[in-house]
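Accompanying notes for the structure given below.
The values are calculated or read from the model by the stated rules, or taken from the named source; none is laboratory data. Remember, predicted model here, so these are calculated numbers, not experimental data. We place every Cβ from the backbone using ideal geometry, glycine too, and count neighbours over all the protein chains shown. SASA here: full protein model, heavy atoms, side chains in, ligands and nucleic acids out. Shrake-Rupley method; radii C 1.70, N 1.55, O 1.52, S 1.80 Å.
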Amino acid sequence: MQSVRAAMTWWGMLEMGLRARNPVIPEAKRLYWAQINAAARADPLPPAPTRGMSIHVTKGPTGTGKSVTVQRFCTLIPQFLFRDKDEAAGWNELQQIVYLELNMSHDGTRSGFLTRILLQIDSLLGTTYSIDLPKSYRTVDKLVVATVGRLIAHFTGILFIDEGQLRNLIKSGHAELMQMFLMELMNSGIPLVMIGNERAFDWVTYSQDLSRLHLTPPEIFSPIGSTNLPDADVEWNAVSMGVMGYWVLRGKIIDPVGCSKMLRSCSGGIARLALMLWCFAQRNNLINGIESICPEDIKKLYESPDFAKLKPLADGFNFRKPELLMNYPDVDADFYASHWKVKCTDSKPTEGATQGGGKTPDSSDTSKSVPRKHKTEKAKFASEQTRKKNQQLKREELSKSLSPDDLRKQGLVNIQLAGLEAARTEAKKKEG
């Protein structure tokens, strides 16, 4: 239902967004051409009919099906349409972009992201925007306006921006500029779906921006069973059927129900981890000449060194221990701690919980709840300035408390210069 709910939301955004911006409507036509002409001059774009009104955030831990849902949705609709002359709209012909599916640039720069947009349009429509526009618009700010103008000109239906991550939207040195660009894109009138991990959207703190992002309720793709949704068992049955449908061995699955339960507990309800365990278990049995799989094969792989780095992630959700999730900066451990009504300690676990009620991390020696915060670049700069100022004050206080003949009071450089001057005077006397 999570995927169905998201797909229905995106379809509504696509259809209603096109209707509201339909250039056959006189007022929408005026704004459509006003935006295109402003973009050609690299002037600020006039407000769109649906400015900031059609935005959807899809977030959750990696491997929970966000990108797969987007890809499946996009296969159900054409990516572009060719439209003939339409005097009411004002065009002779139009190559309309129905949707664009883009990944956020890994370095978090606007120029990298703009290049991805233009290259994808060129690949789709056979245009040469990625070459022509940077020649005409030499600064990134002007290229931003020109690129958004091209999206508007092609009457783009909806944009999917994937791979929103902590490293490219918050920790990047270009984070603030990228965030402002995303806000500008939201105001273009083109429906926008932003997909990423939970921490990627921590930068949205202003009330006006939060209210825009929540006009369309966000979809949180949490591991199955982690948020007590009533249809969790139904969701898992659908996932396990899909995962266990990948079958390359000659024999039949031994105890399919037991395998499904084992996959759920060992993966923490994360679809990607379940698929990894299932495929790797088949590979190992194939190499060893075993022609089937039983629950113990999955458990054996779960407890192996191959899965060691992901085991705390699975255990954190399976055993509802947020301290295990703190190993992963892109997982909102505080959110799950609050939801599970347990404390999120600052102690790092040394060993994850094991299958079957084995050893779990001992966090009894710490009770302090430490909220995870991420400093902005501005906050980091202010902190550094404060530190330097405090150091200078300490040096001044120390200098006032020292006696006049103290070397620290006089300063090593001053002493050396005085000694050099004395040596020069003595040398001149000898020469005289």
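Numbers for the structure displayed
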| item | result |
| --- | --- |
| Chain lengthening between Asn288 and Arg138 when straightened (0.36 nm per residue, less Cα-Cα) | 48.0 nm |
| Distance-filtered residues of the stretch 27-45 - backbone nitrogen under 17 Å, label point 7 angstrom along Asp86 Cα→Cβ | 27-36 |
| Distance in nm between pseudo-label sites at Leu215 and Thr127 (7 Å out along the Cβ direction from Cα) | 2.5 |
| Burial ranking of peptide ranges 286-292, 126-132 (average Cβ count within 10 Å, highest at the top) | 126-132, 286-292 |
| Rounded to the nearest 10 Å², the accessible area of Val68 at probe 1.4 Å | 100 |
| Heavy-atom accessible area ranking, 1.4 Å probe, most first, across Leu114, Leu119 | Leu119, Leu114 |
| Accessible surface of Arg41 - all protein chains present, 1.4 Å probe, nearest 10 Å² | 150 |
| Members of Lys261/Lys300; Lys261/Lys311; Lys59/Lys309; Lys309/Lys341; Lys261/Lys321 lying beyond 24 Å, as alpha-carbon distances in this model show | Lys309/Lys341 |
| Sequence of Val234, Val98, Val239 when ordered by accessible area, the most exposed leading, probe 1.4 angstrom | Val234, Val239, Val98 |
